[in-house]
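> Let me give you the structure first, and then I'll get to my questions.
The values are calculated or read from the model by the stated rules, or taken from the named source; none is laboratory data. Please read all numbers here as calculations on a predicted model, not as lab measurements. Counting neighbours? That spans all protein chains shown, and the Cβs are built from the backbone with ideal geometry, glycine included.
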Amino acid sequence: MQQLDNQEILMKLKSQKQFWDIKKKIKQGFSDQQKIGINDIQKFAQSCEIEDQLIKLISHILKKSKKRETLKEDQIEFLNTSKIKWTELLFKNLDIVHQKAKNQEEDDTNTDSKLYIYDEKNLLAFLQTFKQQQPSVLYQNVQFQSNKLLNINIPLKSAQQILDKYQYILLQEELPEEKINKIRKQIENEHLDTELEKIAQTYVPNGERCLLYLKYFEFDHQETVLQQNFAKLQKECSNQLFFDELLEIDGHEISEDTFYFVFQEQILTCLKCFIRDKTIKENIRIQLQNGMKKEHAEFQLPVTGFFPFKNISKYVAPLCYLSTKIHIIYALFKEFFCRYFCFLHAISSEYNSILSLCMQIEEIVSTRSPKLFHHLKVIGCDTLKLIIHQLIYCFVGDMDPPHILTIYDQIIGHDSLEILVILCVGFLNKYKPKLLLAKNYENVQQIFQELREDKFQELVQFAYKQ
Amino acid sequence: MSEYFRKYIKKEHYANHYSNLKFKTSFRNCILEAFKRRLWKETEGDDWDIMWAEKEWIHEVLDHTHLQANQKINHFRNHYELTRKDLMIKNFKRYKKNLEREGKSEEANNYNFFPLTFHLPSEYPIFFEEFKRQSTNSDTKTAWIMKPIGKSQGKGIFIFNKIQQISQWKNTLRYSQDNPQAEAYIVQKYIADPLLIGGKKFDMRIYLLCTSYQPLTLYLYRTGFARFTHHRYDSEDISNTYVHLTNVAIQKTSDNYDEKLGGKWNLQTLKLYLMTKYGQEKVAETFYNIQMLMIRSLQAVQKIIINDKHCFELYGFDILLDAQLKPWLLEVNASPSMTSNTPVDFELKCGLLDDVFTIIDLEKVLTGNEEQIGGFDLICKGTPVKLPINSTFTTYLGAFNNRQQQLKKIAKSTAIRLAQTYSEGQMKAIEIGSKGQKEKEEKDKQMRSSSKGPQAMQNGSSLNNKSNNLTKQNTIMKRNTANLPALGTLQNKSNLKRQPLQNAGQQQQIQQSQSNSSKKNNPNEDSMLSANQKLQKLTQESKINQFQPYKQQSQYNEVMGMGAGSRNLQKNEE
């Protein structure tokens, strides 16, 4: 934890509503007295339960002030080198994409090909290559793991632990109106992280979700700042970048989604600003790509420190339901990406990283539904290949926005992406009977091409079905 | 879906079995598919039970035909009183005046959901005065919208803010004044501050089913659409119709129209979006206002429309929200489009139509008191239906559409009710039947004894005769129990088999009534009917096998398979 000086703490305190409430109470308590000693204050604070509040408040401020350091180096050396390899690969892809784009300009007839630097399948394929590089370590420990797609020795949370953690969702019932109103008031008045997390874990009313997110990300009193920052970025957008073109192609894809076509313009604006935002490099919790390519100046990484990938617009889309103000949508997206979604594209041994999540899913499916796991393996469509899309894009496009926002709530509520593991397992369980009948990859694809409707609560229930 | 009804209700419990029903329609879209999914038969002749006709047919043919008591048709004779733009406004204005005259000014003030409207050319002078007044009063030019009467899909509509812009139209009209074809228009004050989402204008299409005008019986469908324009809204640019008109037919011709997209949201999505900006209460109020707007529209024409038990009508209301979330009625469609442009849209419309058919109840299985049928909620029966006080909804419009679950529930309870009434009816019939026979026999006996009496006395074999009589009686009883009551018990038992999920109380009731009936009718059943019972049991089993839901399921699958095929066809057509 970084040390803060007293002045800083005081400044932070003053920005909190609760601080002023406490001050008011103290003022009332000592209205007659001339001299006040520190003992008097302590006694008074104890007598009217201010002490507790004060302690919570200060600890909250300290936690918030902890600068989220970027995780640059991984503890597992092998992953660091892999990350560099991955970056090199992406640079190569960039060259190809650039070439293709050029050709397309010359030849207008061929505008169908969808350009992107990498997608979820590329990433998974790259992760898959890991097992060959480290065979000796892994076979020593566990033998039966050999049938899994990913076999790397990284510290993992036990699968049971995750399942236990989210089991409470199963018991959630519909809340009566009074309780919802109570939650609304709570969101309005609450400032503490831990309390907001608790609310997010259980239930967030649609109308108050935006406020809760803003408070959690400490944006609640900074609207003008957000607006100014966004305006600056928008100005910068007048300078065309090569990546803009890719984003436009990407945005066109999201516009095919019934729920998000309305927001195509907003999404594109947000993304264009995003790849120009210099503050992202400082804020992002994990670096997605490593290494620089020096020879061609025009093909550098964007200022964000990573390449925009296919379907990046999917992360922005559901947030459009939260506010009509584009600077707020942008701020929320930025924060969500820097805190959570970045892990879905990072090669790392962190608990939240795509590698861990994938391995958790494989672990749960192979132990709890071995038949399905084996069957999928046999027909050449591994479990992970099946759900990688849903996993990486948080089910955006697979569920209706209300359900997606519930996932976002859970991510904030637990400050973790583990809910995705539960949902992916539930997803596989839901289609298990159909999948078991599938004879090849085409059949599997057919199953998911049919009209289907997945719901948050339903998938959680399926996840716990034996 | 109706398949739940087919699954749970036994064939003989239908007052009118679905396999006997015939439909007629010239439409080849969701309407045909919805009919087929109910396993009704198509007919070309006049022996239809339900006809989904085009409006023109109603005008040309309906007045000259005599309908059978059971025939149903999808329009009221003079539906145009509500669905033609000019007549609708005229009726609203008239009704509002009447209310004012009766001193009901509060209710009259509620009729503020249509924009200021004039009929052209007849009201041109008044319009001109109003136009001048509006343009002098406000700094910005007021925009007006011209709509041809009796044209649909946005044809012929244009927007203007200078009186010169309609002079051309005026000239052509004057020129062809003798021409009876001369087109009449209405001119409406344009709602210039519509609510925008993502910078785009939208309107809502909401479905309302009217099954009767006396008493006014209305069902509101929970799901509707918000239809978006494909271009950013710009109140300055009034010449670009793509910006202003949301009609799919218009948007289809736009350059950046994407077929896959459809440009639609369902109401649930819209509600979710609105809640984030305006809060739950305000949105709930808005949707309640929409519901009341629809009821009021129908109340205004209630006395004008010719009520007819043969008719029902599915209206498509076009409603616009302005920036203050006030709903405005743009138009009422008597034949809302039942052509779909996406698979989701297709399922929604088929479901909607299926629920309409369930409410029309050609099979005559419902009580008519159901408050929700599929995705439809009863919102008015004589007077507007009030929701329970503790309900969190002020209206079910835009609420979660739980039609599948609801239909399942309603099909089950209906099946139980029908089974009960059926068995009761059977019992009565048997009682009446056996009573009549007994009386007859007694009469016979008396007759015989009176006629044979002396003979018997003479032969001295009265005892013999008595026993003879007894056996005769027995044989009659035997025939009775073997035929009629046997069927009764058989059906009762098979009912129980067919409704595995009905509640235990009702099951007991049925069982009791069943055992009672057998006791009443067959006091000495055990001793006399062992052989017959065996036979009964055998037939029972075979009957039960016949009614296994699996068979129905496979049948249903076949139909659905057919459905999928024609769905593809539809896609191809599009």
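> Failed condition for B:Gly398, given (1) free of Cβ contacts under 8 Å to residues at least 40 places away in the same chain; (2) part of a loop (DSSP other than H, G, I, E, B), with all others met?
Exception for B:Gly398: condition (1).
> Pick out, from segment A:317-391, the helices (runs of 4 or more DSSP H) lying fully within it that include 1 or more residues that are out of contact with any strand residue (DSSP E or B) (no Cβ under 6 Å at 6 or more places or on another chain) and within 14 Å of chain B (Cβ to nearest Cβ).
A:326-339
> Related question: Which residue is nearest to the other protein chains (Cβ to nearest Cβ), if the candidates are limited to segment A:427-458 and must be without any contact (Cβ under 8 Å) to a residue 60 or more places away in the chain and crowded, with 22+ Cβ neighbours inside 10 Å?
Only one residue fits best here, namely A:Phe456.
> Could you list, in sequence order, the residues of segment A:244-259 that are at pLDDT 85 or above and at the interface with another protein chain (Cβ under 9 Å from one of its Cβ atoms)?
A:Phe259, the sole residue that qualifies.
> Please verify whether segment B:215-224 includes one or more residues that are modelled with pLDDT of 90 or more, within 12 Å of another protein chain (Cβ to nearest Cβ), outside any strand (DSSP E or B) and buried (at least 20 other Cβ atoms within 10 Å of the Cβ).
No, segment B:215-224 has no match at all.
> Among the residues of segment B:341-351, is there at least one that is over 16 Å from the mean Cα position of the chain (by Cα), closer than 30 Å to A:Leu451 by Cβ and assigned to a loop (DSSP other than H, G, I, E, B)?
Yes: segment B:341-351 contains one or more residues that are over 16 Å from the mean Cα position of the chain (by Cα), closer than 30 Å to A:Leu451 by Cβ and assigned to a loop (DSSP other than H, G, I, E, B).
> Give the residues of segment A:363-386 that are buried (at least 21 other Cβ atoms within 10 Å of the Cβ), under 24 Å from the mean Cα position of the chain (by Cα) and either under 22 Å from A:Asp119 (Cβ atoms) or among the basic types (Lys, Arg) (or both), sorted by residue number.
Result: A:Thr383, A:Leu384, A:Leu386.
> Among (1) in contact with a Phe, Trp or Tyr (Cβ under 9 Å, 6 or more places away or on another chain); (2) part of a loop (DSSP other than H, G, I, E, B); (3) aromatic (Phe, Trp, Tyr); (4) more than 14 Å from every other protein chain (Cβ to nearest Cβ), which single condition is A:Phe306 missing?
Here A:Phe306 clears every test but (1).
> Considering each of B:Val283, B:Val301 in turn, give the residue that is in contact with an Asp or Glu (Cβ under 6 Å, 6 or more places away or on another chain) and either surrounded by 21 or more Cβ atoms within 10 Å (Cβ to Cβ) or within 14 Å of another protein chain (Cβ to nearest Cβ) (or both).
B:Val301
> A further question on this structure: Could you please find all residues in segment A:189-200 being within 17 Å of the chain's Cα centre (by Cα) and surrounded by 18 or more Cβ atoms within 10 Å (Cβ to Cβ)?
Once the filter is applied, which keeps residues that are within 17 Å of the chain's Cα centre (by Cα) and surrounded by 18 or more Cβ atoms within 10 Å (Cβ to Cβ), segment A:189-200 yields only A:Ala200.
> Another question, if that's okay. Among the listed residues A:Gln132, A:Gln140, A:Gln160, which satisfies the condition of being modelled with pLDDT of 75 or more and either part of a helix (DSSP H, G or I) or more than 20 Å from A:Glu350 (Cβ to Cβ) (or both)?
Values: A:Gln132 fails: modelled with pLDDT of 75 or more; A:Gln140 fails: modelled with pLDDT of 75 or more.
The unique qualifying residue is A:Gln160.
> Continuing with this model, one more query. Can you name the residue in segment B:261-276 that is over 17 Å from A:Lys185 (Cα atoms) and in a helix (DSSP H, G or I) and, of all such residues, is farthest from the other protein chains (Cβ to nearest Cβ)?
B:Leu267
> Now for a different question. In segment B:312-353, what residues are among the hydroxyl-bearing types (Ser, Thr, Tyr) and either within 14 Å of chain A (Cβ to nearest Cβ) or within 20 Å of B:Leu116 (Cβ to Cβ) (or both)? First the steps, then the outcome.
Within segment B:312-353, the subset among the hydroxyl-bearing types (Ser, Thr, Tyr) is B:315, B:335, B:337, B:339-340, B:342.
If the condition is that a residue be among the hydroxyl-bearing types (Ser, Thr, Tyr) and either within 14 Å of chain A (Cβ to nearest Cβ) or within 20 Å of B:Leu116 (Cβ to Cβ) (or both), then B:Ser340, B:Thr342 are the ones that fit.
> Please give the number of the condition B:Ile295 fails out of (1) within 14 Å of chain A (Cβ to nearest Cβ); (2) modelled with pLDDT of 90 or more.
The one condition B:Ile295 does not meet is (1).
> Just to check your reading of the model, which residue among A:Glu208, A:Glu178 is surrounded by fewer than 21 Cβ atoms within 10 Å (Cβ to Cβ), within 12 Å of chain B (Cβ to nearest Cβ), among the acidic types (Asp, Glu) and not in a loop (DSSP other than H, G, I, E, B)?
Values: A:Glu208 fails: surrounded by fewer than 21 Cβ atoms within 10 Å (Cβ to Cβ).
Just a single option satisfies the conditions, and that option is A:Glu178.
> Additional query: Tally up the residues in segment B:209-224 that are under 17 Å from B:Ile304 (Cβ atoms) and among the aliphatic types (A, V, I, L, M), please.
Residues meeting the conditions: 2.
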